[in-house]
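Below is one structure, written out as structure tokens; comments come after it.
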Amino acid sequence: KTLFFSGLTAMEKKLAEYKCNTNEAIQLKLVRFPEDLEDENTTFNPEYSHQVFGDDEVAFGYKGLKILLYYVAGNLSTLFRIEYTSKVNEKFDCVEADDVESKIREIIPPGFCTNTDDFVSLLEKEVNFKPFGMLLHTYSIHNEEAGEDITYQIYKADMTCPGFREYHERLQTFLMWFIETASFIDVDDERWNYFLVFEKYNKDGATLFATVGYMTVYNYYVYPDKTRPRVSQMLILPPFQGEGHGAQLLETVHRYYMSSPTVLDITAEDPSENYVKLRDFVLVKLCQDLLCFSPVKLMQGFSQEMVTEAQQKLKINKQHTRRVYEILRLRATNMGDAEQSRSYRLDVKRRLIGPYKKKQRELAKMRRCLRPEEMTNQLNQIDLNLQREQLEETFQQLVSDYRRVLERLAQA
């Protein structure tokens with residue numbers, strides 16, 4: 001540290017102490033009871049704040065900065081407050097502190113409170129809050145800590161539900177903190193559907209609802225008379241992650257669209273790795289009992305029958321059906337048997353090699369129109385041995401992902 005500061009002036013040293021990591025400074029809470037306000041166990045922090053505070057995720061000008069964003073657990077009424085132990089002074093330090101407040105105001109809707117008393121009085125009105133829209137699914141999960149089963153419900157809402165527009169504005173601010181490339185959607189476009197998860201809980205003998213997470217789906221038009229719903233954003237709030245709500249939500253959404261004759265199939269926009277794992281699990285769970293995925297048929301290879309049945313009955317598109325087939329075929333394959341294991345490996349690698357083959361066809365085209373020295377340059381990029389290694393690596397990674405899906409399925 002001394003080396004680092006040796007070249008700095010006293011002034012610069014002092015200013016370096018006024019930098020705060022915004023992921024640590026932002027403190028989020030979902031509040032059910034007044035005592036939650038003082039309880040550090042109910043606090044959680046963002047994973048990202050770069051969209052609001054820049055790539056360094058730093059706020060300058062404060063020591064001990066705390067950006068409090070507390071939400072009433074159900075309707076998400078907000079308390080927003082900034083606290084710090086000291087702040088640089090333009091008069092003495094000749095520098096200006098970042099305007100943290102206006103940066104946060106850009107993403108949270110107006111109408112928040114700034115003091116605890118107002119917030120607590122809003123908390124008392126929470127007993128009147130009810131979920132928006134139409135109830136699609138109820139499920140319960142055993143909670144070790146509470147030693148009891150907790151009930152959850154999934155609703156489908158839209159902007160015609162009274163109060164939903166304002167609620168959604170508060171809810172979507174969480175995207176900024178937990179989805180790396182989040183953006184807010186155009187709620188005036190009627191083709192958006194909203195699916196919400198709530199927990200039922202008791203407070204002084206009354207039943208209340210707490211927000212757990214949500215998903216937005218956009219209905220694309222497909223000529224001539226179909227739609228293709230595309231999952232846009234999905235977020236389970238951190239206090240509820242790892243409990244299986246994502247799988248319940250995705251399966252419920254699939255079942256909702258399955259009953260609609262105008263829906264072609266369901267896709268997702270730029271899915272994250274975690275979402276793909278979740279989707280693999282949900283789709284395999286839905287597909288495993290279809291006749292076209294019987295062990296005998298799996299061993300005969302991927303077929304048009306699988307594509308058709310998965311699409312017609314479960315609204316699953318061809319690309320995702322192929323993954324489901326590979327996962328279920330892995331389950332039906334004895335990998336200890338040399339012949340079965342070789343057959344499985346070749347089958348998956350044949351799909352994986354597709355993009356490489358395309359590259360090679362492009363190269364052949366180039367050969368015909370490039371000078372030799374330009375050609376070697378292009379060829380160096382695609383070394384066959386490297387290709388084989390990459391292919392093997394991709395294959396091994398896939399198999400380990402697939403095994404995790406099968407393990408989760410075995411426990412479901």
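The values are calculated or read from the model by the stated rules, or taken from the named source; none is laboratory data. Note that the structure is a prediction, hence the values are computed from the model and not measured. Every residue, glycine as well, gets a Cβ built from its backbone with ideal geometry; the counts of neighbours run over all protein chains shown. Surface accessibility is based on the protein's heavy atoms, side chains included, excluding ligands, DNA and RNA. Shrake-Rupley method; radii C 1.70, N 1.55, O 1.52, S 1.80 Å.
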Applying the gyration tensor rule to the Cα atoms of segment 58-199 (axes a ≥ b ≥ c; rounded if a/c under 1.5, else prolate if a/b exceeds b/c, else oblate), the class is prolate
Scoring the chain by relative contact order with C-alpha pairs under 8 Å, at least six apart, yields a percentage of 9
Over segment 253-412, volume per residue of the alpha carbon convex hull, in Å³: 158
Is the C-alpha gyration tensor of segment 180-263 telling us rounded, prolate or oblate? Criteria: a/c under 1.5 is rounded; beyond that, a/b larger than b/c is prolate, otherwise oblate. prolate
Taking the Cα atoms only, what angle lies between the long axis of helix 273-287 and the longest principal axis of the chain, rounded to 10 degrees? 50
Ratio Rg/Rh, restricted to segment 223-279 and using Cα atoms, in which Rh is the Kirkwood radius: 1.02
By how many degrees, 0 to 90 and rounded to 10, does the Cα axis of helix 384-411 deviate from the longest principal axis of the chain? 70
The chain: most fluctuating residue of GLU326, GLU57, GLU392 per GNM, C-alpha cutoff 10 Å: GLU392
Protection proxy ranking of 330-336, 185-191, 50-56 - average other beta-carbon atoms within 10 Å, highest first: 50-56, 330-336, 185-191
Mean Cβ neighbour count within 10 Å, used as a protection proxy, ranking 65-73, 114-122, 151-159, 30-38 highest first: 65-73, 151-159, 30-38, 114-122
Counting Lys and Arg as +1 and Asp and Glu as -1, each charge on the Cβ, what is the dipole of the chain about the Cα centre in debye, to the nearest 20? 2400
Residue farthest toward the positive end of the dipole of the chain, with Cβ of Lys/Arg at +1 and Asp/Glu at -1: which of VAL231, GLN319, LEU65? GLN319
If you work out mean projected area of the Cα convex hull in nm² from the coordinates, which of [x] 18.4; [y] 26.0; [z] 30.4 do you get? [z]
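How large is the helix-only mean residue ellipticity at 222 nm for the chain, computed as the sum of -39500 (n - 2.57) over DSSP H runs with n ≥ 4, divided by its residue count, in deg cm²/dmol to the nearest 500? Write out the running numbers ahead of the final one.
On the way: 17 runs with 183 residues, N = 412.
Here the helix-only value at 222 nm equals -13500 deg cm²/dmol.
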Residues of the chain: accessible area per residue at 1.4 Å, in Å²? 55
Quick one: putting +1 on the C-beta of Lys and Arg, -1 on the C-beta of Asp and Glu, what dipole do you get for segment 15-126 around its Cα centre, in Debye to the nearest 20? 160
Between GLU305 and GLN396, what is the spin-label point distance in nm, taking each point 7 Å from the Cα along the Cα→C-beta axis? 3.6
Which value in nm describes the separation of the simple spin-label points at GLU339 and THR85, placed 7 Å from the Cα toward the beta carbon? 7.3
Tell me the carbon and sulfur percent of the accessible area for segment 15-126, rounded to whole percent, probe radius 1.4 Å. 43
Just ARG350, ARG322, ARG81 to compare: in a GNM of the chain, with alpha carbon springs under 10 Å, which one fluctuates most? ARG350
Between helix 304-314 and the chain, what is the angle of the helix's C-alpha long axis to the longest principal axis, kept within 0 to 90° and rounded to the nearest 10? 30
For segment 213-344, rounded, prolate or oblate, judged on the Cα gyration tensor with a ≥ b ≥ c (square roots of eigenvalues), a/c < 1.5 rounded, else prolate if a/b > b/c? oblate
Among PHE281, PRO34, GLY336 the positive-end extreme of the charge dipole of the chain (Cβ point charges): GLY336
P(r) for segment 15-126, please, calculated from all Cα pair distances in 5 Å bins and given in %. 2, 11, 21, 22, 18, 13, 7, 4, 1, 0
